[in-house]
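Below is one structure, written out as C-alpha cells; comments come after it.
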Amino acid sequence: MLEDPLLLARLQFALTAATHYMFVALTLGLAPYILVTQAVAAVRGDRSRMAAVRFWGGLYLVNYGMGVLSGLVMELQLGLNWSGLQEVFGYSFAAPIAVETMTAFFVESTFLGLWVFGWDRMGRWAHLACFAVVTTTAYASAWWVLVANGFLRHPVGFETVDGVAHLTDPAALLANPASALAFGHVVTGAALVGALVIAAVSAYHLMRRDDPHGIFRRGVRYAAITVTLLVLPVAAFGGTQFEYFGEAPPTSGLTYSAEEIAAIEATAEGGAAEVAGLAGETTMVLAWTLIALMGPLMLLAWPFGGLDRWRWFLAPLVAAPLLPYAASAGGWVFRETGRQPWVVVHHLTTADAMTPLSPGTALVSFSLFTGAFAVLASVTCWLLVRYARLGPDGGPLAERGETASEEPAAPVHPF
Amino acid sequence: MDVLSSALLALFLVGYLVLAGSDVGLSMLMPVVGRAPGQRRRVVAAIAPYFLASEVWLVAAVGVLAGLFPATEHHVVAELWPVLVALLAGWLVRDAGLWSRARVDRPDWRAVCDGAIVAGGWTVALAWGLIVAGLLTGGPAASPFTVACAAAVVCLFALRGAAFGAERLVGADECDSADAAARATRPLARAGLGLAVAAAAAAFLPGGPTGGAAVVSLVLAAVLVGALAATSGLTGPMLSRHTSAVAIAVPGLFVVLAADLPVAAIPATTGAFVWATLAPMVPVMVIGQVWLYRMTRQPAPEPTFFA
C-alpha cells in the first residue's frame, strides 16, 4: 500500500475531507442556534441568554479553528495532489471554489474576527449583525463547495475545448440537482449534529442540576424539536439523490464514448472502495434510524418534566452526538466512493487526476498531514469536551473579572 | 476581463504579503521581543486579530489561481510542489499554535504553542522566499540567486513584523517588547538591503532569473532599495510601518510583473460568472477588513479568546 502514490493521495484526501466535515457540520449546526439566541438576547436585553451565547460561542470558536485549519489544507491539497483535475476542470470545477474563497470564506473569517474582538467594543446590534454575516457566509460557503462537489458527481454546463473544460452554462452549474439536494441534505444533517451536541451538553449539566442561567433546559428543548422536525427532511434530501447515482450525466460522451466508459468502469477494481461504500451506507441508515426514535421520545418526556429531571433518560443523550457524526461520515464515504473510478463522472478518472508523485514524496506528504491532523483533531475534541463540561463559567468567552474587580474596568475604546 | 482578473490576483497576493507579513513577521520575532511570559501573551494578542483577516487574502489568491488561471496553477504546482507543501505545513503549525495557545492555562502548553507559532512563522517566510526565487528562475534552482533571494524575503518578513511590533506592542507598563521590536527595524533593514543587493548581483550569475522584463525589474529593485535605505538610515523605526509595507510588496510585484509564468486566456463565461458573483460582495469584503483593522488599532484591555 505504501508503494502506491494514488492510494496514499486518495486516503490522504479522504481523511482530510472527513476531518474537515466533522468540524464543519458542528459549525453549521451551532451557528443558527447561536444567532437566534443572540438576537433574542439583544431584543430583550437578557443576560442569561447572553451567557448562553458566550457558552455556545466558545465551543463554536474552538470547533471553527479546526474547521479552518482542515479547510485550508483541503483546498490547497486539491491543487497540490490533484493538479490533473485543476488542469482539465479548472474553469468549471474550480470556479465555484474561487467564488467560495472570496465571497464566503474571506467575509466569514473577517466578520468572525469582528465578532470575537467586538464583545466590549461595539454596540449589541452591530455585534449581532457580525454574527449574522458569519452565519450567512458559513452557509454560502457550504453551498459553493457543494456546487463544486456536485459537479464531480453530475458534471453539467460545459464543453471541452482542446482538452480543457470551458463553462458554458453557469445556470446549469448552479441549478445542478446533485448540488442542490446535497446542500439540503448537509444543512438538515448539520442541524441534527448541532442539536444532538446541544442535547448532550445540556443533558450532562441537567443531570447535575447545574443550570443557573436556564441555558441547558432551553438547549434540550431546542434539540427535541429540531430532531423531531428534521429527521424526515434529512432522509428525503438524502434519498432523492439516489436516482442520480449510477445515472449517466447529461455531458456523458463528450470526453469518452460509451464503449470506452464501459471499459474503464469494467477494469476498475471495486474492492476496498466498494466495501467502504457499503459500510458507509449501512452506518448512515442505522444511525439515522436511532436518531429518528430519539426525537419523539424526547417530546414524550417533555410534558412529564423528564427533559429536566429524569437522570436515566438524560444519561444516554450524553452519548447521542456519536450517531449524527457516524451518519455524516458514513454518508460521505458512501457518496464519494460511489463516484469511483471517476473523479469527474464519465470524464476524468481519479488516477488521471493525480499529480505525478514519487512514492517517497507521497508518503512524506501523507504522514505529515495525517499525523498533524490526528494530533489537532484529538486536541480539539478534548478541548470541546473539556469546555462543554466546565459549563458557562469556564468557557473561553466567559465574562471575566467580576469576582476580582478591585480596580475599575479598563476604558473601552470608542471606535 | 483578463487584465482585471490578473489585477485581482496581484491584489490578493500583494495584499497578503503586506498584511500577513506583519503577523507572520512578528511570530518570527517572538523569541526576541517576547522574553517574559507576559510579553509573549501580548505578542500573541497583537497577532490574533490580524491573522484571521490577513490569511484569507492568500486563500482568495489560491481560489483565483485555481478558478481563473488553472494553467498557471498547474505550472506552479508542478515546479514547486515540495516548497508549497512546506508552506502549507508551516501555515498549519503556526495557526494551530495561535488557536490553541490560550486554551490551557499551563506554562508547558504555552511553550509548545509558542514554539509552533515561531517555527511556523519561520517556515512560512522561508517557503515564500523559495517560492519567489523559484518563480523568478522558472523552477527550483540551486543557485546563488535562490539563496540570496530567499534570505532577502525572510528578512523582509522579519522587518515587517518588527515595524508592526514597534507600534502594536506599545503598552502601559511593558514597553520593553515594543522597544526591542523598534530597535530591530534598523539592523533588519540593513540586512535586507545587503541581501537585496546580493540578490540583484546574483541575478546575473548562472541560475538567475529568466524572463525578460528588465525595465520593470530595475524599477522594482530601485523601489526596494529606496524603502530599505530609508529605514536603515537615520529615521529607523519612525516610518518603518510604511517602508516595510512597500518593501514586502516588492517580491509579490516581482512575481506578478517579472516572472515568466504561463498564462492562458480566461474563457469569457467563466470570467463573467466569477466576476458577477464577486462584484456584489466586494463592499462587504472591504467593510469587514477596514472595520476589523480600525477596531483593533488599540490592543484589547482584557484577555480575549486567543491570548
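The values are calculated or read from the model by the stated rules, or taken from the named source; none is laboratory data. The structure presented is a predicted model; accordingly, all values stated were derived computationally and were not measured. Glycine gets a Cβ as well: all are built from the backbone with ideal geometry, and neighbour counts include every protein chain shown. These accessible areas exclude ligands, DNA and RNA; they are computed on the full protein's heavy atoms, side chains included. Shrake-Rupley method; radii C 1.70, N 1.55, O 1.52, S 1.80 Å.
The table below gives the values:
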| quantity | calculated |
| --- | --- |
| Filter result for the condition that a residue is farther than 20 Å from residue B:118 by Cα, over 20 Å from the mean Cα position of the chain (by Cα) and open to solvent by 30 Å² or more (accessible area, probe 1.4 Å), over B:198, B:202 | B:198 |
| Any helices (runs of 4 or more DSSP H) falling wholly within the range B:188-281 and containing at least 2 residues that are in contact (Cβ under 8 Å) with a residue 60 or more places away in the chain and within 14 Å of chain A (Cβ to nearest Cβ) | B:268-278 |
| Residue match in the range A:80-98 (condition: under 18 Å from the mean Cα position of the chain (by Cα) and either open to solvent by 10 Å² or more (accessible area, probe 1.4 Å) or of a type in the set (Phe, Trp, Tyr) (or both)) | yes |
| Helices (runs of 4 or more DSSP H) (entirely within the range A:310-399) containing at least 2 residues that are without any contact (Cβ under 8 Å) to a residue 12 or more places away in the chain | A:311-318, A:359-390 |
| Hits in the range B:36-64 (condition: farther than 30 Å from residue A:83 by Cα, at the interface with chain A (Cβ under 9 Å from one of its Cβ atoms) and more than 14 Å from the chain's Cα centre (by Cα)) | B:48, B:49 |
| Unique residue being at pLDDT 90 or above and surrounded by fewer than 24 Cβ atoms within 10 Å (Cβ to Cβ) when the list is B:184, B:180, B:151 | B:151 |
| Qualifying positions in the range A:223-266 - polar (S, T, N, Q) and not in a loop (DSSP other than H, G, I, E, B) | A:226, A:228, A:240, A:241 |
| Matching entry among A:189, A:214, A:219 (being closer than 22 Å to residue A:38 by Cα and crowded, with 17+ Cβ neighbours inside 10 Å) | A:219 |
| Qualifying residue in the range A:387-401 (condition: more than 30 Å from residue A:57 (Cβ to Cβ) and within 11 Å of chain B (Cβ to nearest Cβ)) | no |
| Complete set of residues in the range A:76-107 that are small (Gly, Ala, Ser) and either more than 7 Å from every other protein chain (Cβ to nearest Cβ) or over 11 Å from residue B:62 (Cα atoms) (or both) | A:83, A:84, A:90, A:92, A:95, A:104 |
| Residue in the range A:267-274 that is open to solvent by 40 Å² or more (accessible area, probe 1.4 Å) and either in a loop (DSSP other than H, G, I, E, B) or at pLDDT 85 or above (or both) present | yes |
| When residues of the range A:57-75 are limited to those that are more than 9 Å from every other protein chain (Cβ to nearest Cβ) and of a type in the set (A, V, I, L, M), the one most open to solvent (accessible area, probe 1.4 Å) | A:74 |
| Count - residues of the range A:237-263 that are within 24 Å of residue A:287 (Cα to Cα), free of Cβ contacts under 8 Å to residues at least 40 places away in the same chain and among the small types (Gly, Ala, Ser) | 1 |
| Candidates A:196, A:167, A:206 - the one that is in contact (Cβ under 8 Å) with a residue 40 or more places away in the chain, of a type outside the set (Ser, Thr, Tyr) and touching a Gly at 6+ places or on another chain (Cβ under 8 Å) | A:167 |
| Filtered residues of the range B:282-307 (kept if facing chain A (nearest Cβ under 7 Å) and under 30 Å from residue A:90 (Cα atoms)) | B:284, B:285, B:288, B:289 |
| Output for the range A:322-336, where each listed residue is aromatic (Phe, Trp, Tyr) and under 12 Å from the mean Cα position of the chain (by Cα) | A:325, A:332 |
| Output for the range A:108-121, where each listed residue is modelled with pLDDT of 90 or more, more than 7 Å from chain B (Cβ to nearest Cβ) and over 18 Å from residue B:60 (Cβ atoms) | A:115 |
| Test: residue in the range A:130-150 that is closer than 19 Å to residue B:57 by Cα and among the hydroxyl-bearing types (Ser, Thr, Tyr) | yes |
